[in-house]
Structure formats: C-alpha cells, structure tokens
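Step one of this worksheet: look at the structure below.
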Amino acid sequence: MVQSVIRSPQLTSADLDRLAYLRSIQPARSAKLRSSSRGDRIADVVTQVVGSWRFIIIQSCLLMIWIVLNIISWISHWDPYPFILLNLALSFQAAYATPFILMSQNRQSEIDRDNALQDLDCDIKAEMEIELLHEKLDSLRDREIANLYILVQTQSETILRMEQMIARQMDMNDRSPSDI
C-alpha cells in the first residue's frame, strides 16, 4: 500500500470532543441576548443622548446664549466674565454624565467580548470541520492511490506473462520442424 507523502495533522480526542460540543451548541445560531437591567438601559439612553450631534448643537447654542447674555446684559450680570457659574454647571454635567458613559461602555465591552468568544467558537468549529474534511479526502486519495497501485501491479504482471508467452511462441516458431 502506498502512503501519502504529505500528512495533515490528525485531530486529537480532545479536539473531537470540543468539536462535538461546538456542534451541539451551534455557536453561529446561539447568539445570547443578555437581558439588561434598568440601570443599564438608563446608562445607554444617557450615553446615546449625550453622544449625539443634536445634544452637542443644543448645548453649544445654550453656551453661546449664556455668554452673550452675560456680556451684553445692561442690568445685572448673573455670571460675569470668567463665567464661574457656567464652569460649575459644565463641571457638574461632566461629573454626572461620566459614570453613565463608563457604565454603558463597560456593558458594550462585555457584549463585544461575548461576541468575540462566539466568533472564536465558530472559527474553531469551522477549522476542525475543515480538518476532518481534509482527513477524509486524504483517506480517499490514499485508498484510490493504493487501488491504482494494485491495478498497475496486476497489469505489469499480465504484461510480463504475455511477453513471456510471446517469447515462448517466438522461440517455438523460430525452431523449425526439423529441429524437433
């Protein structure tokens, strides 16, 4: 039997167990939708609002109005030039919004991490399935090569016997009847 020159690595029993597990959970179809708490949903909404162009434009307009009204105010300046009250309000807004943004980012990080693990499981499963297909193809190729080798050997033996028969017949024909 002829052995193939190039051998692909064989899957170990641990690999086959993992493949069986991945086949059972079907990672490509079993996307887990995590239920989010009320705090998570609030953090997402606040982050979505604070991170929007609409919010930035509205806040920029309000800041401009605040500054213009304080500069050209005739009666009283409720927040004169270094705009300390405005700085305090903006600092409060930043300090208040930051934890919401961080909570939302952490939750999104967990979702991304779960998706990455699910993608890894799909990739590993696909790799193992492809490896099994390679092993099957290698086995079929080896079997076909072995069958061809046996056929070639059989034909070679048949050709050799036929050559010997022809040689004997030619020897007999070369001998004249007087030689016998």
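Rule-based calculations on the coordinates, nothing more; no lab input. Everything numeric here is computed off the predicted structure, so don't read it as measured data. Cβ placement follows ideal geometry from the backbone for every residue including glycine, while neighbour counts extend to all protein chains displayed.
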Residue-wise HN-Hα coupling along the stretch 51-66, computed from phi with Karplus coefficients 6.51, -1.76, 1.60 (Hz; x: Gly, Pro): x, 9, 5, 4, 4, 4, 5, 5, 5, 5, 5, 4, 5, 4, 4, 4
Simple label model, 7 Å out from Cα along Cβ direction - residue 11 to residue 87, nm: 6.6 nm
Most mobile of 141, 113, 168 in a GNM of the chain (Cα contacts under 10 Å): 168
Highest-fluctuation residue, 169, 48, 118 considered, GNM on the chain with Cα pairs under 10 Å: 169
GNM flexibility winner over the chain from 114, 79, 15 (Cα, springs under 10 Å): 79
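Explain nothing, just the number: relative contact order of the chain, from Cα pairs under 8 Å at least 6 residues apart, as a whole percent.
Across the chain, relative contact order equals 43 percent.
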Under the Karplus curve 6.51 cos²θ - 1.76 cosθ + 1.60, θ = phi - 60°, whole-Hz ³J(HN,Hα) for the stretch 82-97, x wherever Gly or Pro sits: x, 6, 5, 5, 5, 4, 5, 5, 5, 5, 4, 4, 5, 5, 7, 7
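Give, as a single signed number, the net charge of other residues whose beta carbon lies under 11 Å from the beta carbon of residue 105, with Lys and Arg counted +1 and Asp and Glu -1.
Numbers: positive: 107; negative: 44, 110, 112.
After counting each charged neighbour, the total is -2.
If you place +1 on the Cβ of every Lys and Arg, -1 on the Cβ of every Asp and Glu, and leave all else neutral, what size is the dipole of the chain about its Cα centre, to the nearest 20 Debye?
On the way: 18 positive and 23 negative charges, 195 e Å.
Dipole of the chain, to the nearest 20 debye: 940 debye.
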